[in-house]
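Here the structure comes first, spelled out in structure tokens, and everything after it is commentary.
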Amino acid sequence: MAKNSLLINVDIGETRVGLIADGVLRELYVERRHHRSPVGNIYLGRVTRVLPGMQAAFIDVGLDRAAFLHVEDLLAEPGATDEESEGNGKSGNARGARGNRASRKTPIRDLLKEGQQLMVQVSKGPIGTKGARVTSHVALPGRYVVFMPTVDHVGVSKRIGNERERRRLKEVIESVKPPQGGVVVRTLAQGLTKKKLKADIGYLVKLWEQTEAARDAVKKIPALVHEEPDIVIQSARDLFTEEVSEIVVDDREQYQRLKEFLTLFLPERANDVRLYEGYEPLFDEYGIEEEITRALSRKVQLPSGGHLVIDQTEALTAIDVNTGRFTGKGRDVEQTILQTNLEAVREIAYQLLFRNIGGLIVLDFIDMERHAHREKVFKALLDALKNDKAKTTAIRISDLGLVEMTRKRTRQSLGGTLYEPCFFCDGTGRLQSKETICHEIFRQMRRERDSLPGYKIVISAHPAVCDMLEREEKASLEEAASRFQRRIELNPRNDYHLEQFDLTGG
């Protein structure tokens with residue numbers, strides 16, 4: 001296998017895409033038949049609620065939960081793309097486009113009414129208990145450009161650093177872009193000819209025309225008027241860069257689709273798609289399954305023996321750095337701590353990208369007494385985050401060794417996709433001890449003793465709790481029988497939760 005590859009595993013009801021960079025699994029995407037991401041989809045929806053106090057509205061677009069629309073998403077700069085664009089080089093009509101947008105201070109009730117129809121695009125998928133976030137400014141991504149039909153704007157990805165190339169691309173786009181709509185040039189367009197850029201724009205303009213026609217033909221609202229391609233085509237469009245040597249796919253039908261797509265949009269790379277026909281599953285053959293398990297563990301080992309502990313909550317993600325069994329080779333404790341923290345920086349940047357962790361993140365590095373060491377670790381962190389497409393911000397290491405940072409969240413984290421809260425502990429990670437439950441049973445017996453009929457009390461509980469009552473808590477059980485003047489019987493129930501119990505008379 002080449003050091004840089006795109007592996008596509010097509011299984012029953014599920015497709016997984018792994019991006020291998022320098023022989024290491026860098027990114028993993030999962031799409032399931034019944035849970036396709038709505039990000040990029042365009043809907044004709046209906047306004048269900050307008051919330052003036054929040055300057056927002058809820059839009060019924062046909063998903064499980066109503067989508068959220070902020071006033072800035074109605075009127076702000078478009079950009080439903082993962083690439084930052086530069087605001088210079090807008091064409092002459094840009095001022096008119098800006099004039100049609102109200103500021104965030106504009107009362108949302110002046111713009112939207114309940115029951116109003118509105119075409120919106122999903123910019124952020126549902127995450128946890130939150131519904132999708134939508135915008136009325138459509139952005140249609142192609143391989144080389146993003147077409148934005150609602151504004152007149154020309155921009156170039158900030159990742160293209162050469163000023164001469166930036167100017168050239170702007171001039172090319174200005175000469176080929178349609179009269180209505182804006183274009184942002186993606187990083188992949190660097191060095192591209194005018195012919196290819198024009199073809200990409202032409203394809204997106206036709207796509208927008210089809211979307212408008214679908215909108216006009218809608219008979220029942222809400223309705224889907226444009227659906228983003230599935231993960232197979234998306235990965236070829238967005239991840240198959242010059243650095244990636246090949247695409248390996250294990251399904252013949254998807255192999256043919258990829259060949260046709262690349263023949264149309266990237267003919268010189270159509271032969272870089274390979275069909276995997278081995279007996280072992282694709283991800284097993286390339287060691288990807290083991291890497292997924294390692295990378296999603298709560299405890300992640302570092303090369304020298306230290307480790308990270310990663311805990312995700314609804315509000316934030318905490319990453320703790322520990323030296324573990326690593327004690328260093330010399331007597332300088334500070335040097336040992338510095339080496340562990342530098343190893344942690346590289347692994348943290350990898351984990352944030354691989355797990356797609358977003359929102360507020362707190363990094364707890366091992367305390368460093370020397371200011372120079374803290375600066376070195378922080379600079380290493382910023383350098384490691386440069387390769388992340390998601391927007392990140394970080395505040396310098398505090399005296400306590402903490403770094404507060406944020407990473408833009410656009411979709412569910414990988415852990416949120418592959419896992420769900422434990423039904424036994426409800427996601428807390430902790431259960432009441434069996435001893436605690438035994439004493440809670442005794443307290444409940446005291447509360448209910450007068451309402452329980454008959455001469456005995458039957459305790460129905462988890463077998464482990466009943467076993468503790470019979471053994472370690474036998475003396476307490478006998479004391480309860482004596483105090484309440486009842487015979488106490490135990491009824492082990494395998495179908496009970498560890499913390500569940502019932503008291504009945506008899």
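Every number here is computed from the coordinates shown, using simple stated rules; none is lab data. Remember, predicted model here, so these are calculated numbers, not experimental data. Cβ coordinates were reconstructed from backbone atoms using ideal geometry, including for glycine residues, and neighbour counts include every protein chain displayed.
Longer than 23 Å from Cα to Cα, which of LYS113/LYS220; LYS105/LYS170; LYS170/LYS198; LYS124/LYS389; LYS124/LYS198 are they? Say none if no pair is. Could the numbers behind the result be given before it?
Numbers: LYS113/LYS220 19 Å; LYS105/LYS170 33 Å; LYS170/LYS198 13 Å; LYS124/LYS389 15 Å; LYS124/LYS198 29 Å.
Distance filter (> 23 Å) returns LYS105/LYS170; LYS124/LYS198.
Which whole-Hz couplings ³J(HN,Hα) result when phi for each residue of the range 234-241 is put into the Karplus expression 6.51 cos²θ - 1.76 cosθ + 1.60, θ = phi - 60°, listed in order with x for Gly and Pro?
Residue by residue, the range 234-241 yields 4, 5, 5, 6, 9, 10, 7, 8 Hz.
Mind giving me the FRET efficiency for ALA394 and THR263? R0 is 56 Å, r the Cβ-Cβ distance, nearest 0.05 is fine.
Computed FRET efficiency for ALA394 and THR263 comes out at 0.85.
In whole Hz and in residue order, list the ³J(HN,Hα) couplings for the range 41-52 that follow from phi through the Karplus curve 6.51 cos²θ - 1.76 cosθ + 1.60, θ = phi - 60°; x for Gly and Pro.
Karplus values, whole Hz, x for Gly and Pro: 5, 10, 10, 9, x, 10, 6, 9, 8, 10, 10, x.
At 222 nm, what helix-only mean residue ellipticity would the chain give, in deg cm²/dmol to the nearest 500, using -39500 (n - 2.57) for each DSSP H run of four or more? Don't skip to the answer; put the middle values down first.
On the way: 14 runs with 159 residues, N = 506.
Helix contribution divided over all residues of the chain: -9500 deg cm²/dmol.
Hey, how many Å between the Cα centroid of the range 381-402 and the Cα centroid of the range 335-365?
Cα centroid to Cα centroid, the span is 9 Å.
Sequence-distant or interchain residues sharing an amide H contact under 5 Å with GLY155, placed H: which?
VAL183, VAL184, VAL185
Order of 410-422, 189-201 by packing, highest average Cβ count within 10 Å first?
Descending packing order for the listed peptides: 189-201, 410-422.
Can you list residues whose amide H is under 5 Å from ASP251's amide H, if they're 5+ apart or on another chain and H is modeled 1.01 Å from N?
Correct list: VAL10, TYR276.
How far apart, in nm, are two points set 7 Å out from the Cα along the Cα-to-Cβ line at ASP450 and at ASP367?
In this crude label model, ASP450 to ASP367 measures out at 5.6 nm.
According to a simple spin-label model (label point 7 Å from Cα along Cα-to-Cβ), what is the distance in nm between VAL309 and THR504?
So the two model labels end up 4.3 nm from each other.
Quick one: what are the phi-derived ³J(HN,Hα) couplings along the range 467-476, Karplus 6.51/-1.76/1.60 with θ = phi - 60°, whole Hz, x for glycine and proline?
For the range 467-476, the Karplus curve yields 4, 5, 5, 6, 10, 4, 9, 4, 4, 5 Hz.
Amide H of GLU246: which non-local residues (sequence gap of 5 or more, or other chain) have their own amide H closer than 5 Å, using H built in the peptide plane?
Those lying under 5 Å, H to H, from GLU246 are LEU6.
Fewest to most neighbouring Cβ within 10 Å: what's the order for CYS425, CYS438?
Numbers: CYS425 14, CYS438 20.
The order, fewest Cβ neighbours first, is CYS425, CYS438.
Please work out how much length the chain gains when fully extended from ILE12 to TYR203, using 0.36 nm per residue of separation minus the C-alpha to C-alpha distance, in nm with one decimal.
65.6 nm
Run the numbers for ASP467 and ASP426: contour at 0.36 nm per residue of separation, minus the present Cα-Cα distance, in nm.
The ASP467-ASP426 span can extend by a further 12.3 nm.
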